[in-house]
1. Where residues in the stretch 14-58 are free of Cβ contacts under 8 Å to residues at least 40 places away in the same chain, open to solvent by 50 Å² or more (accessible area, probe 1.4 Å) and within 21 Å of the chain's Cα centre (by Cα), which of them is farthest from VAL71 (Cα to Cα)?
2. Residues of the stretch 119-132 being open to solvent by 70 Å² or more (accessible area, probe 1.4 Å) and touching a Leu at 6+ places or on another chain (Cβ under 9 Å), which ones?
3. Inside the stretch 71-89, can you point out the residues that are more than 16 Å from TYR137 (Cα to Cα) and open to solvent by less than 50 Å² (accessible area, probe 1.4 Å)?
4. Find all pairs meeting these conditions: Cβ atoms under 9 angstrom apart; at least six residues apart or on different chains; first residue within the stretch 149-169 and under 20 Å from LEU70 (Cα atoms); second residue acidic (Asp, Glu) and assigned to a loop (DSSP other than H, G, I, E, B).
5. Which ones in the stretch 133-162 are assigned to a loop (DSSP other than H, G, I, E, B) and either open to solvent by 80 Å² or more (accessible area, probe 1.4 Å) or in contact with a Leu (Cβ under 8 Å, 6 or more places away or on another chain) (or both)?
6. Residues to consider are THR84, THR21; find the one that is within 19 Å of VAL135 (Cα to Cα), touching a helix residue (DSSP H, G or I) at 6+ places or on another chain (Cβ under 9 Å) and among the β-branched types (Val, Ile, Thr).
7. Could you grab me the full set of residues in the stretch 113-132 that are free of Cβ contacts under 8 Å to residues at least 40 places away in the same chain and outside any helix (DSSP H, G or I)?
Amino acid sequence: PFLSFVVTFMLVTLFIVLLVTTVFHYLNGGIRATKARPRVSPRVKAHLSVIGAGIALMKAAGYLIAKWELVNSTNGYVQGAGYTDVHARMPAQTILFWLSLAAAVILLANVRSRGWSLPAVAVGLWLFVALVIGVLYPTILQALKVSPAQATLERPYIQRNITATRAAFGLDQVNYHSFA
């Protein structure tokens, strides 16, 4: 939980820094509004790209921590990772981790390149994939596959939960005897 707090705090801080920095660059003339599109000086573009890369790196750390936190998930029948967590959310977190790292690299590469098209495509693709595989796919999998066959698909996860609960309370060493 503490790592999650630190990552969230840093992410919010970087978003605020990005907004304030953009406003101050606009007020100081680094960003000029023109009829066609805003003009951004190379130093301002580099500055905003580095802050954006920091946001992407914090988001990557957040995806990694979210993947670890699936062990405490309450999405399924029992406490802990269930079928949807293991088969949809974990792979999604891994893919989003790598996509956010790629977005950070592209934003850092944008410091030397001209234009905003490559970072815009990278961030747009990242957001689209996050919506599709991070939100829609787990929801659809849960609704269409897991819920109708929950007793069979969740059985191994429920059994592991029962075994862990018995071990936690010291009930795994109980001897059973038959009485007449």
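The values are calculated or read from the model by the stated rules, or taken from the named source; none is laboratory data. All of these numbers come straight from a predicted model, not from anything done at the bench. Don't worry about glycine lacking a Cβ; one is built from the backbone with ideal geometry, like all the others, and counts go over all protein chains shown. Quick note on the areas: whole protein, heavy atoms, side chains included, nothing else; ligands and nucleic acids left out. Shrake-Rupley method; radii C 1.70, N 1.55, O 1.52, S 1.80 Å.
1. For the stretch 14-58, the residue satisfying everything is VAL17.
2. Result: LEU125, single match.
3. Within the stretch 71-89, SER73, VAL78, GLY80, ALA81 qualify.
4. Once the first residue is under 20 Å from LEU70 (Cα atoms) and sits in the stretch 149-169, its partners that are acidic (Asp, Glu) and assigned to a loop (DSSP other than H, G, I, E, B) give THR163/ASP172.
5. Selection gives PRO148 alone.
6. Being within 19 Å of VAL135 (Cα to Cα), touching a helix residue (DSSP H, G or I) at 6+ places or on another chain (Cβ under 9 Å) and among the β-branched types (Val, Ile, Thr) holds for just one of THR84, THR21, which is THR84.
7. Of everything in the stretch 113-132, those that are free of Cβ contacts under 8 Å to residues at least 40 places away in the same chain and outside any helix (DSSP H, G or I) turn out to be SER113, ARG114, GLY115.
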